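The values are calculated or read from the model by the stated rules, or taken from the named source; none is laboratory data. Quantities reported herein were computed from a predicted structural model and do not represent experimental measurements. Heads up, the Cβs are rebuilt from the backbone with ideal geometry, glycines too, and the neighbour counts pull from every protein chain shown. SASA here: full protein model, heavy atoms, side chains in, ligands and nucleic acids out. Shrake-Rupley method; radii C 1.70, N 1.55, O 1.52, S 1.80 Å.
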Amino acid sequence: MNAAMVYRISMMDYSLRELECFVAVAEELSFTRAARRLHLSQPPLSRRIQALESRLGTKLFVRSPRAVALTPAGRAFLADTKGALTQLQRAADRAKRAARGETARLDIGFVSAVLNPELIGRFQRFRQDHPGVQLTLHDHPPAELMRAIAEGRLDGAFVGATPTTPTAGMVFIPWSREPLMVYLPRGH
C-alpha cells in the first residue's frame, strides 16, 4: 500500500456518530444544545469533536467560554458532511423499502412522439402521489426502449405503435388511442 493510500484511509477513519455530533454542534453553535439534541452529556460530545479534529488535522470550531463558531475549515467540512449524512439516511431508507419489496426508483422510457399533455400530466400526478419513488424518464427510439426493457434497464416504456413481431417476455397494453393523420402538399 502506498503512502497516499494510507493517508486517504486514515482521513476517512471517523465514525458516523462523530459526523452527527459535528453537524449538531455546527448547527446549534453550542455544545450544550447539541448534547441535548443528541441525548448525550457534554463531555462525550466534546471528546468526539476533539477526536474528529485530531483525525482531520485541523480545528473545526473556535471555542470561547460563551460562544462557539465554525472555523473556515469547519464551514467547508459542514457543507459536505450534511450532504453525506443526508445521502446515508436516504440510502438507509432505500434499503428498508427494498427489504419490504417497495421500489424506490422507476425508470420509464418514452418516444418523444407520444409525449403529450395527457402523458405529462400522468407523470406529474404519479410524482405527487408517490413522492418516495424516484421517477426517471428516458427518451429513446422504440428499438432502444425495447432493448432496454429486455435488459432490465427500464421498467416500462410508452412506445407508440405495437411492434409487428412479438417480443418474448413483454406485454403491450394500450393506454391511449389517437387518430393518426398525414399532412401532404396539395396535388401530391
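Details
- For Leu70, residues with placed amide H under 5 Å, excluding near neighbours: Val62
- Remark: relative contact order (segment 11-70) = 36 percent; criterion is Cα-Cα distance under 8 angstrom and separation of 6 or more residues.
- The residues of segment 7-140 present an accessible area of 63 Å² per residue when probed at 1.4 Å with all protein chains retained.
- For segment 116-188, fraction of C-alpha pairs farther apart than 20 Å, in %: 47
- Identified option (computed Cα extents along the principal axes in Å; candidates [x] 62, 42, 32; [y] 51, 34, 27; [z] 89, 42, 40): [z]
- Calculated mean residue ellipticity, 222 nm, the chain: -16000 deg cm²/dmol, from DSSP H runs (n ≥ 4) at -39500 (n - 2.57) each, averaged per residue and rounded to 500.
- Take every pair of alpha-carbon atoms less than 8 Å apart whose residues are at least six positions apart; their mean separation over the length of the chain yields a relative contact order of 15 percent.
- Segment 1-160: antiparallel DSSP beta bridges as a percent of all, rounded to 5: 25
- Share of carbon and sulfur in the accessible heavy-atom surface of the chain [1.4 Å probe, %]: 57
- Residue by residue, segment 117-124 carries 3J(HN,Hα) couplings of x, 5, 5, 4, x, 5, 4, 5 Hz when phi is fed to the Karplus relation 6.51 cos²θ - 1.76 cosθ + 1.60 (θ = phi - 60°); x denotes Gly or Pro.
- Residues whose amide H falls under 5 Å from that of Leu106, counting only those 5 or more places apart or on a different chain, are Gln134, Leu135, Thr136, with hydrogens built in the peptide plane.
- The mean sequence separation of alpha-carbon pairs under 8 Å and at least six residues apart, normalised by the residue count of segment 82-172, gives a relative contact order of 34 percent.
- Restricting the trypsin sites (Lys or Arg not before Pro) of segment 136-187 to loop positions (DSSP other than H, G, I, E, B) with no more than 14 neighbouring Cβ atoms within 10 Å leaves Arg153, Arg177, Arg186.
- Segment 17-90: Rg to Rh, with Rh as the Kirkwood radius over Cα pairs: 0.94
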